[in-house]
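The structure appears below as structure tokens.
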Amino acid sequence: MNLGLKDLSSSSLRPSPLRCRLTMFTLLYTIITAELIVYKLVAGLQIESKYQVDLIEGLQIFNATYRGLTVVEGFHKLSPAIQLSGDSRQIILPVEVHNKASELLYHSNEFTFTVTLKQEERNTGTILSFSEGNNRFLEVQTSGRKDEIRFHYTYEDMLYVETFPYRLADNTWHQLALTVSGNNIEVFVDCTKIYTRVLKEIERDFTGKNISLWLGQRNARHFLFKGYLQDVKIIGRSHGYIQQCPHLNTECPTCGQFHQLQLSVVHLENHLRELTNRLVEAENRLTVVEECECRKSCHINGSVHPDGASWKQACDICSCMKGEVKCHPVHCAPANCKNPFQAPGECCPTCLKRCLLHGVLFDHGEEVSPRDCVKCECKNGNMECDKIDPDTFCSPLTCPEEEQFSVPGECCRFCPGIDFCAKGHDCHINASCVNLQTRYTCHCDTGFHGDGNHCEDVDECQKEGDHNGHHCHKNTHCINVPGSYICECLPGYRRMDAFSCAEHDECTTKDHECDQHSVCLNTEGSYKCECIEGYQGDGYTCKPLCNQTCLNGGNCVAPNICSCRRGFTGPNCEIDVDECSLGLHQCHPNSQCVNMPGWYYCDCLPGYQSYLVDNNLGIMCQDIDECFLDSHTCHSTAICINEDGGFRCECNDNTTCSLGCIHHGTERANGDTWFSENDACSRCTCTNGVVSCNKLECNCNKPDINLDCCPQCDQSSYCQHQEVARKFSNGEQWIYQCQVCECLYGEVDCWPIECPPVMCEKPTRQPGDCCHRCEGDPCNSQTFTSDEVSGNITSNLQAGRGCFYRGLMYRYGDRVPVSEDPCTSCNCKNGQLCCTYTPSCSNNTVHSDFFKYKDLHDNLKQRIFPSNTVADLHDFSKPDLEIFGDQEGSSEGPLSSSPEHSTMEGRIALVEEHLTESSLENLATGVIEDILPTFQWSSIESGKNFGSSELATSATESSSAADDES
């Protein structure tokens, strides 16, 4: 604070406090204005390179090699691209690149991750990750299994994952940019913004953590990206996506810019407050300066040293610098002698005088023995010698005098065989002590070299052969160890002896890690794995391959076999299980089953109502007293009598009244029928004062059928499923991507799926599920046989251990037959019917076209048989469908003689041809016997089986009866 104050001592040169404040406020205003201008213009500027970190460039791929990384040509030729493959790689960015990226993120309120990628299908891989082992702190990941982009981040030591459904893993080039601005994130794919989300605060301070920056993987083993990467950058500025898509709009300010402006204003306010305090302090100090002259002298121990003075204090040289004392040790010249001497009171050691003895100079302190039993020492130029008395100086000897011997240069005599090493030695830990006649010596152990007092390890692996080299044979790798070496077998070889290894057939000995669905192929020194047909992968992990996608949360569990979620069935889980038509529900008799995509619920029948919000099984449906509520349709002259589930209208005794109906204020005569005012597809009837309205029956054989009420009868158009090779008729519905889709007049319309209510406290949502489910569902632990590997499960709540189905009681574990669907089988499990779809059913010759021809089969059956006969006939089951199969061994009839009738389509066409050209009687006696030789029908009521001749007779009799009736 003393610097420059002398120049301000003059009041004419010193600015006033008011002037200082005006200058400071002007400066702050300029700074704020500049901030606003920068925020306004930054959108139109390219981002400087100092605010970017190019991870591929940071790898220095042209000067270094990485396992699993290959430099290739990318989406464009302006920058290099890399191909990442294999399951063993370790691509970590250098420390300086990691530090730059961390600093960029720490000091940037908004940043962008950009990448141009081409990812293999079904691969789940990390693009970049700031991670420590399995703990990721900031990560961008794309999943080909779930078709989503994942952004992992931490906030208050908690990990959060934001998922963005989008399919990037399709083996096609895409441009991806994730821009974080404040607590907002925007996702751009191929220069199109597809998502905007609000996040929690993202932790960007990585100090104090052992974090590494990985490219193409989270760590050494997990989430390895497979495919191509290009332009992987971290950009620490707003609108970072313009580096990838310059044409995108960047005029609107970002959340990060507003947040940064807010922080800047707060920072400027704090800075202004600090400057104000410093200005007040400076004014106070100026006042003191005006009153007295600055003192720059130094006061030490009562002595005053002027500014700039130097003096010696003990062994230090001190100086006074503007009132501050600074000291440093006295510089000493080097002493070139063996034993420097520092005299008391001196700061530096000096060399004393040397001694001359027999023409040899000795330094002060050196000792020498010019002859036996004489010891001399140089002391400051004087050689002082003393004679040694062997009787007092030497240790007593234990051997006889005649065995004692003298050694030249030694004053004492010795006994033979003395263990000098046992008396103590200073040999190195890796050296051995060796006794001599009069002393000991040290020799380094084998595998070490040195003087014995200091030994260093010999690296035998650096040299082959000789006593200091290794003797490892082929197919081994020399590994140096302290004092020796080890010949380690190369991968794929097994040890024969300490120095040689032989090739190891891992496939024969089953010492491999190939997947159970792969084939092990032995190679020289190793092996490789190849997935068998129907599976895909690297051989170590083989996944089943389904040619078409398993929908609605289904999984491909075997080649072309999907395991479906509960409530869905079909080869690709594309078909909703109609629990209502299959009888797989447990609705109370006072309620009716209403099928929903993937589930069902129970609704009260007309005449009943529920007073509870949760009425899952309709068990709380109570009778409505229409008479009390005056909601009946009885005529005013009749009496309303309430009944369970309805009412009736009666007349009093000895009175005349009307049994007509009052419907929406209009009087209808008893027996009248009319179309409902609210639904043109419903017809109402008045019967003894009671109005009943029902949907029109859809008989597609009628030429005047109303297609608006019966869209399924319109065969002129159809709809194609979005993914699988399946066609839908008009009026059919299916589930796709958690949406209900409907085909209507050849067009598809989809809307969000409606989820069923859950009755548990903590429902869960499993991967692939559209809705939450209860974990306590016993069907969740369903196990499947080999024929039931596809796991479509439909559950029905039922108290107790057994299950009721169509009036019959089944014990736990019993198989419950479902005659309406030959591809569905059920088992009773803890009071629930757990049903599965059997994939072998759809692959069987008999059932392969079951769904395709079911509508045609129903239509054909109605045309062959009268309506009263059809009502007593069972639907086609497996034996029924054999009429469409090949009749091996048959050589008669049009099917065997005509090639065009060898397919199912041809046989159906043949039946329709005979229907138009022959009478029903001829059809029953001729065509049926010809094309249905093994066909049998089962009557549900009588249980009687019909052969072909009996069927013809029955059909003819039914036809005659119908003619008589008409």
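The values are calculated or read from the model by the stated rules, or taken from the named source; none is laboratory data. All values reported here derive from a predicted model rather than from experimental measurement. Glycine also receives a Cβ, built like all others from the backbone with ideal geometry; neighbour counts cover every protein chain displayed.
Residues in the stretch 673-690 that are modelled with pLDDT of 90 or more, assigned to a loop (DSSP other than H, G, I, E, B) and surrounded by 16 or more Cβ atoms within 10 Å (Cβ to Cβ): Gly689 alone. Of a type outside the set (Gly, Ala, Ser), within 22 Å of Glu121 (Cβ to Cβ) and surrounded by 19 or more Cβ atoms within 10 Å (Cβ to Cβ), is that true of Cys520? Answer is no for this residue. The residues in the stretch 578-606 that are under 27 Å from Tyr736 (Cβ atoms), assigned to a loop (DSSP other than H, G, I, E, B) and touching a Cys at 6+ places or on another chain (Cβ under 7 Å) can be counted, and the count is 2.
Out of contact with any Asp or Glu (no Cβ under 8 Å at 6 or more places or on another chain) and closer than 30 Å to Val481 by Cβ: does that describe Cys421?
Details: out of contact with any Asp or Glu (no Cβ under 8 Å at 6 or more places or on another chain): yes; closer than 30 Å to Val481 by Cβ: yes.
Considered against the rule, which asks whether it is out of contact with any Asp or Glu (no Cβ under 8 Å at 6 or more places or on another chain) and closer than 30 Å to Val481 by Cβ, Cys421 comes out as yes.
Total residues in the stretch 691-731 satisfying the condition of being of a type outside the set (Gly, Ala, Ser), surrounded by 15 or more Cβ atoms within 10 Å (Cβ to Cβ) and either assigned to a strand (DSSP E or B) or in contact with a helix residue (DSSP H, G or I) (Cβ under 7 Å, 6 or more places away or on another chain) (or both): the figure is 9. Restricting Leu168, Leu159, Leu138 to those that are assigned to a loop (DSSP other than H, G, I, E, B), touching a His at 6+ places or on another chain (Cβ under 9 Å) and either within 19 Å of Ile235 (Cβ to Cβ) or in contact (Cβ under 8 Å) with a residue 12 or more places away in the chain (or both) reduces the list to Leu168.
Here is a list: Ser395, Ser369. Which entry is in contact with a Gly (Cβ under 8 Å, 6 or more places away or on another chain) and among the small types (Gly, Ala, Ser)?
Numbers: Ser395 fails: in contact with a Gly (Cβ under 8 Å, 6 or more places away or on another chain).
Just one listed residue meets the conditions, Ser369.
Here's the yes/no breakdown for (1) among the polar types (S, T, N, Q); (2) at pLDDT below 90; (3) in contact with a His (Cβ under 7 Å, 6 or more places away or on another chain); (4) under 30 Å from Trp734 (Cα atoms):
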residue	(1), (2), (3), (4)
Cys472	no, no, no, no
His512	no, yes, no, no
Ser518	yes, no, no, no
Glu533	no, no, no, no
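Looking only at the stretch 52-82, how many residues end up being part of a loop (DSSP other than H, G, I, E, B) and small (Gly, Ala, Ser)? So that I can check it myself, show each step before the final result.
Narrowing the stretch 52-82 to residues part of a loop (DSSP other than H, G, I, E, B): 59-68, 73-80.
Next, from what is left, pick out any that are small (Gly, Ala, Ser): 64, 68, 74, 79.
Qualifying residue count for the region: 4.
So which residues in the stretch 717-730 are of a type in the set (Gly, Ala, Ser) and modelled with pLDDT of 80 or more, if there are any at all? Listed by number, the list holds a single entry, Ser729. Listed by first and then second residue, the pairs linking a residue in the stretch 579-590 that is in contact (Cβ under 8 Å) with a residue 12 or more places away in the chain to a residue that is among the small types (Gly, Ala, Ser), with Cβ atoms under 7 Å apart and 6 or more places separating them unless they lie on different chains, are Cys587/Gly618; His588/Gly618; Asn590/Gly618; Asn590/Gly645.
Give the residue, chosen from Gly4, Gly86, that is in the same structural domain as Trp214 (by TED's automatic domain parsing), surrounded by fewer than 16 Cβ atoms within 10 Å (Cβ to Cβ) and either on the phi > 0 side of the Ramachandran plot or at pLDDT below 55 (or both). Talk me through it step by step, then tell me what you get.
On the way: Gly4 fails: in the same structural domain as Trp214 (by TED's automatic domain parsing).
Going through Gly4, Gly86 in turn, just one is in the same structural domain as Trp214 (by TED's automatic domain parsing), surrounded by fewer than 16 Cβ atoms within 10 Å (Cβ to Cβ) and either on the phi > 0 side of the Ramachandran plot or at pLDDT below 55 (or both): Gly86.
Filtering the stretch 340-393 to residues that are among the aromatic types (Phe, Trp, Tyr) and not in a strand (DSSP E or B) leaves only Phe393. Residues considered: Leu178, Leu224. Of these, the only one that is part of a strand (DSSP E or B) and outside the structural domain of Tyr540 (by TED's automatic domain parsing) is Leu178.
Here Lys375 clears all of (1) out of contact with any strand residue (DSSP E or B) (no Cβ under 7 Å at 6 or more places or on another chain); (2) closer than 23 Å to His358 by Cβ except the condition numbered (1).
If we keep just the residues of the stretch 89-116 that are polar (S, T, N, Q) and assigned to a strand (DSSP E or B), which is surrounded by the fewest Cβ atoms within 10 Å (Cβ to Cβ)? Selected residue: Thr116.
When the stretch 186-234 is filtered for residues that are of a type in the set (A, V, I, L, M, F, W, C), closer than 24 Å to His247 by Cβ and surrounded by 22 or more Cβ atoms within 10 Å (Cβ to Cβ), the ones remaining, listed by number, are Leu229, Val232, Ile234.
Got at least one residue in the stretch 428-449 being outside any loop (DSSP other than H, G, I, E, B), among the hydrophobic types (A, V, I, L, M, F, W, C) and loosely packed, with under 12 Cβ neighbours inside 10 Å? Looking for residues that are outside any loop (DSSP other than H, G, I, E, B), among the hydrophobic types (A, V, I, L, M, F, W, C) and loosely packed, with under 12 Cβ neighbours inside 10 Å, one finds none in the stretch 428-449, hence no.
Note on the stretch 60-90: residues that are polar (S, T, N, Q) and closer than 10 Å to Gln230 by Cα total 2.
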